[in-house]
1. Just a yes or no: is a residue in region 6-17 under 24 Å from Lys256 (Cβ atoms), aliphatic (A, V, I, L, M) and assigned to a helix (DSSP H, G or I)?
2. Could you run through region 159-200 and say how many residues are open to solvent by less than 10 Å² (accessible area, probe 1.4 Å), away from ligand 2 (no atom under 11 Å from the Cβ) and within 22 Å of Val73 (Cβ to Cβ)?
3. Would you mind telling me which numbered condition in (1) more than 19 Å from the chain's Cα centre (by Cα); (2) over 29 Å from Tyr101 (Cα atoms) Gly188 fails?
4. With respect to Ser91, is the statement that it is part of a helix (DSSP H, G or I) and either open to solvent by 10 Å² or more (accessible area, probe 1.4 Å) or within 16 Å of ligand 2 (Cβ to nearest atom) (or both) true?
5. What number of residues within region 164-185 are part of a loop (DSSP other than H, G, I, E, B) and within 10 Å of ligand 1 (Cβ to nearest atom)?
6. Which pairs turn up if I take residues in region 44-73 that are closer than 28 Å to Asp224 by Cβ and in a helix (DSSP H, G or I) and look for partners that are of a type outside the set (A, V, I, L, M, F, W, C) and modelled with pLDDT of 95 or more with beta carbon separation below 7 Å, at least 6 apart in sequence or on another chain?
7. For region 231-245, what are the residues that are over 27 Å from Gly87 (Cα atoms) and either in contact with a strand residue (DSSP E or B) (Cβ under 9 Å, 6 or more places away or on another chain) or open to solvent by less than 90 Å² (accessible area, probe 1.4 Å) (or both)?
8. Evaluate region 44-62: report whether one residue or more is buried (at least 24 other Cβ atoms within 10 Å of the Cβ) and closer than 27 Å to Gly87 by Cα.
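The values are calculated or read from the model by the stated rules, or taken from the named source; none is laboratory data. Keep in mind it's a predicted model, so treat the numbers as computed, not measured. Here the Cβ positions follow ideal geometry from the backbone for every residue, glycine too, while neighbour counts run over all protein chains shown. SASA here: full protein model, heavy atoms, side chains in, ligands and nucleic acids out. Shrake-Rupley method; radii C 1.70, N 1.55, O 1.52, S 1.80 Å.
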Amino acid sequence: MIIKDLEELELMKKSADLVGRTLGEVSKALKPGVLAKDLDHIAEEYIRDNGGTPSFKNYNGYPATLCISINDVVVHGIPQTQVIKEGDIVSVDCGAFLNGYCGDYAYTFIIEPVDEKVRKLVKVTLESLYKGIEQAIAGNKTGDIGFAIQLYVERNGFSVVRELVGHGIGKAMHEYPQVPNYGKKGKGHLLEDGMVICIEPMINMGKKDVVFDESDGWTVRTKDHKPAAHFEHMVWINQKKSVILSTYNYIDEKWKVN
Ligand code: MF3
Ligand code: CO
């Protein structure tokens, strides 16, 4: 089940494409003054209009289509009346089922003007994701991915969240194996030809510690309240070079992180 044949792979590309187009729609509406819940409604409507179903909604009781995680919120921010402001960094995580397969990935938007160090945090987080993806080849272990991400992040003076990890994906949003963003070379689970995994570094500007909000049951914040960034891609494992199924190509040009 964790190994996808080429037919399943084609379906997963379509699920990933729907999530990409949804993030594209969100990116068009994103601007200072917009409410997080308005972005959520845009995403839900777009997914349903295109034959999909939001995969986060009702997952363990999660109440929305997107996770919108602003500044010190690392992940799993529930879109409500938060107002997007200049100077924010906003992680938008989106998941959808289409034709029985799940797509799930995230992008962190920089609402300029932001501090130079905040921009660096976002850029290093995105780059660390690609460092991890380079290691996502058959025969390697999940620890090789985590090691590459952690090394790159810590060299740049930031820290890796330990409590939340990436995951396999397919008919279910969360499948074997877990994919930590830290680790040791050669340790962890074997990556096999035909697996599809989500790699999703959650990176803190300050200390690695996070706090789980007990009042809403979801929001994960940095303990020191410094900002955190989050990117996620879906990667198909094969022998030579990993293939990224997810895409940021639909995201409006003005939000390119560089
Ligand atoms: N990308 C996240 C994950 O892989 C999003 C899940 S949010 C949830 O776990 F609400 F659905 F849990
Ligand atoms: Co995920």
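1. Within region 6-17 (the criterion being under 24 Å from Lys256 (Cβ atoms), aliphatic (A, V, I, L, M) and assigned to a helix (DSSP H, G or I)), the answer is yes, since at least one residue qualifies.
2. Of the residues in that region, 3 qualify.
3. Unmet condition: (2).
4. So Ser91 fails the test.
5. Going residue by residue through region 164-185, those that are part of a loop (DSSP other than H, G, I, E, B) are 164-165, 169-174, 180-185.
If we keep only those that are within 10 Å of ligand 1 (Cβ to nearest atom) too, we end up with 164-165, 169, 173-174.
Counting residues in region 164-185 that are part of a loop (DSSP other than H, G, I, E, B) and within 10 Å of ligand 1 (Cβ to nearest atom) gives 5.
6. That search, which allows pairs on different chains as well, returns nothing.
7. Met234, Val235, Trp236, Ile237, Asn238, Ser242, Val243, Ile244, Leu245
8. No: zero hits.
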